[in-house]
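Visitor: Below are the structure tokens for one structure; questions will follow.
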Amino acid sequence: MTPYWLADAGPSPPAGNGVGHVEVGIVGAGITGCACALALANAGVSVRVVDERGIGEGASGRNGGFALRGTAAPYDEVVASVGRERALALWQWTESELRAMAELGRDAFRPLGSLRLAADGEEREDLRDELEALHADGLAADWVDAPGGPLSGRFTAAIYHPTDGALQPVRLVRRLAGRASDAGAMFLTGHRIADPGELDADVVVVATDGYPSGLLGELEGLIVPTRGQVIATETLSDRLFETPHYGRHGFDYWHQTEDGRIVAGGFRDVSLDREFTAEEAVTDDVQGALSSFVNDLVGRELRVDYRWAGIFGLVLDFLPVVGPVPGSPRTWVAAGYSGHGNVLGFACGRLLARAILGDRDPLLDLFEPARLLGERA
């Protein structure tokens, strides 16, 4: 159950003792919490980050290692939902944040692009719709007809997204944490926060995505805990996949690491109801489907060296939840990335830090937590 990403992740900054007043206390030492802490510490704000586990050991270290622009919903669907102007601003913001992530992450980020694949004729038409919407708004994307190699005969088409890449997510998070520590942020690991008052902070940020915190009042449970399962195979000598791949509306996703392993995740739809859970455990049916899928792709049986599961927060409109918690104006939340947490988590942590510092971006109107209660703040 140890994720591949934790095997070679780099050091964590020294832990503190959690004593003393701070201006901002952050619950969660994943990508969101560490990105937020770095931005605040760089601005001279006193910050303490607290996590029940170690840095990057939750969802940030238990995903597939994808770094994708946009949201979990395709661009054309977001245009239809929120309007072209706001959708374009959202996509351009995530592209900008990807560039910032690459600069901060260095070799933790590989700028490979990504392929969104069509498994059948219906999905092919969905890709056409997205490509037309992307091109209409001047966003870079290329059509790939009848992908070849191991994809031949299995996928009918693809969109290549040149902005995207692959991550060693724990290495990235720990680098952010190290920079934040150097700027004055304090980290306390191995401690669960049961009450915001424990943080002795003027402002509390809850950055646990889908892991239930008990700190969100009426929002608790509306960011739905959802399990994602992943495998990493033995090292392959052949480079079969140059970019991260995902298809079947995101139910299948995989890429090949620098050392040649295939990291593959998804297949929640094998037992969809049971995957809406906060239980961080692998299951035989999903793991079996992942192994069979990879073996079929490669054409031979591969040894699986790592199996793991992580919990992400699913939101029905596929937009992040960022802003003050309704009824608790001194408690803020950044969560609900619906499986796109590597880039959105990084970006929303920084967005929330800006808001705390008094620079409120208009994107927060899209992300406001009150919408989950059927209201607007």
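Visitor: So if I check each of ARG303, ARG307, ARG360, ARG330, which one is over 18 Å from the mean Cα position of the chain (by Cα), among the charged types (D, E, K, R) and closer than 23 Å to LEU222 by Cα?
Guide: ARG330
Visitor: Output the residues belonging to segment 214-258 that are within 18 Å of the chain's Cα centre (by Cα) and modelled with pLDDT under 95.
Guide: GLY247, HIS249, GLY250, PHE251, ASP252
Residue by residue, here is whether (1) open to solvent by 30 Å² or more (accessible area, probe 1.4 Å); (2) out of contact with any Gly (no Cβ under 8 Å at 6 or more places or on another chain); (3) among the hydroxyl-bearing types (Ser, Thr, Tyr) holds:
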{"position": "ALA67", "(1), (2), (3)": "no, no, no"}
{"position": "ARG86", "(1), (2), (3)": "yes, yes, no"}
{"position": "ALA100", "(1), (2), (3)": "no, yes, no"}
{"position": "LEU134", "(1), (2), (3)": "no, yes, no"}
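Visitor: Against the conditions (1) surrounded by fewer than 24 Cβ atoms within 10 Å (Cβ to Cβ); (2) assigned to a helix (DSSP H, G or I); (3) in contact (Cβ under 8 Å) with a residue 40 or more places away in the chain, where does ALA80 fall short? Just the number, please.
Guide: Condition (3) is where ALA80 drops out.
Visitor: Can you tell me which of (1) of a type outside the set (S, T, N, Q); (2) over 18 Å from VAL322 (Cβ atoms); (3) in contact (Cβ under 8 Å) with a residue 40 or more places away in the chain is the one LEU215 doesn't meet?
Guide: (2)
Visitor: Under 9 Å by Cβ, and 6 or more places apart or on different chains, what pairs join a residue from segment 176-200 that is closer than 19 Å to GLU23 by Cβ and charged (D, E, K, R) with one that is assigned to a strand (DSSP E or B) and open to solvent by less than 40 Å² (accessible area, probe 1.4 Å)?
Guide: Pairs that qualify, where the first residue is closer than 19 Å to GLU23 by Cβ and charged (D, E, K, R) and the partner is assigned to a strand (DSSP E or B) and open to solvent by less than 40 Å² (accessible area, probe 1.4 Å), are GLU198/GLY25; GLU198/VAL50; ASP200/VAL22; ASP200/GLY25; ASP200/ARG48.
Visitor: Next up: Mind checking whether some residue in segment 266-274 is open to solvent by less than 20 Å² (accessible area, probe 1.4 Å), more than 17 Å from the chain's Cα centre (by Cα) and free of Cβ contacts under 8 Å to residues at least 24 places away in the same chain?
Guide: yes
Visitor: Now, a different point. May I ask you to list the residues in segment 264-312 that are aromatic (Phe, Trp, Tyr), assigned to a loop (DSSP other than H, G, I, E, B) and under 24 Å from ALA7 (Cβ atoms)?
Guide: Within segment 264-312, just PHE267 meets the criteria.
Visitor: Could you say which residue among GLY221, GLY250, GLY260 is without any contact (Cβ under 8 Å) to a residue 24 or more places away in the chain and either surrounded by 14 or more Cβ atoms within 10 Å (Cβ to Cβ) or more than 30 Å from ALA119 (Cβ to Cβ) (or both)?
Guide: The conditions single out GLY221.
Visitor: With respect to the numbered conditions (1) under 20 Å from the mean Cα position of the chain (by Cα); (2) under 26 Å from GLU130 (Cβ atoms), which one is the sole condition not fulfilled by VAL205?
Guide: (2)
Visitor: Condition (residue is farther than 30 Å from PRO162 by Cα and touching a strand residue (DSSP E or B) at 6+ places or on another chain (Cβ under 6 Å)) applied to segment 246-262: is it met by at least one residue?
Guide: Looking for residues that are farther than 30 Å from PRO162 by Cα and touching a strand residue (DSSP E or B) at 6+ places or on another chain (Cβ under 6 Å), one finds none in segment 246-262, hence no.
Visitor: Do the conditions hold for PRO162, that is, is it in contact with a strand residue (DSSP E or B) (Cβ under 9 Å, 6 or more places away or on another chain), over 24 Å from PHE318 (Cβ atoms) and open to solvent by 50 Å² or more (accessible area, probe 1.4 Å)?
Guide: It is false that PRO162 is in contact with a strand residue (DSSP E or B) (Cβ under 9 Å, 6 or more places away or on another chain), over 24 Å from PHE318 (Cβ atoms) and open to solvent by 50 Å² or more (accessible area, probe 1.4 Å).
Visitor: Restricting to segment 318-377, what's the tally of residues that are open to solvent by less than 60 Å² (accessible area, probe 1.4 Å), part of a loop (DSSP other than H, G, I, E, B), touching a Gly at 6+ places or on another chain (Cβ under 8 Å) and on the phi < 0 side of the Ramachandran plot?
Guide: Looking only at that region, the number is 6.
Visitor: Mind listing just one residue for me: the one in segment 25-56 that is farther than 19 Å from GLY190 by Cα and not in a helix (DSSP H, G or I) and, of those, least open to solvent (accessible area, probe 1.4 Å)?
Guide: VAL45
Visitor: Restrict the check to segment 2-17 and report whether at least one residue is acidic (Asp, Glu), assigned to a helix (DSSP H, G or I), under 30 Å from PRO162 (Cβ atoms) and open to solvent by 10 Å² or more (accessible area, probe 1.4 Å).
Guide: no
Visitor: Here are VAL321, VAL294, VAL333: which of them is under 30 Å from GLY153 (Cα atoms) and either among the β-branched types (Val, Ile, Thr) or without any contact (Cβ under 8 Å) to a residue 24 or more places away in the chain (or both)?
Guide: After ruling out the rest, the residue left standing is VAL294.
Visitor: Another question, then. Is there a residue being buried (at least 23 other Cβ atoms within 10 Å of the Cβ) and at pLDDT below 95 anywhere in segment 170-193?
Guide: Within segment 170-193, one or more residues are buried (at least 23 other Cβ atoms within 10 Å of the Cβ) and at pLDDT below 95.
Visitor: Output the strands (runs of 3 or more DSSP E) that fall wholly within segment 90-204 and possess 3 or more residues being not aliphatic (A, V, I, L, M), or say none.
Guide: 142-145
The values are calculated or read from the model by the stated rules, or taken from the named source; none is laboratory data. On a predicted model such as this, the values are computed, not experimentally measured, just so you know. In this analysis, Cβ positions are derived from the backbone assuming ideal geometry, glycine residues included, and neighbour counts consider all displayed protein chains. Note: areas computed on protein heavy atoms with side chains; ligands, DNA, RNA excluded. Shrake-Rupley method; radii C 1.70, N 1.55, O 1.52, S 1.80 Å.
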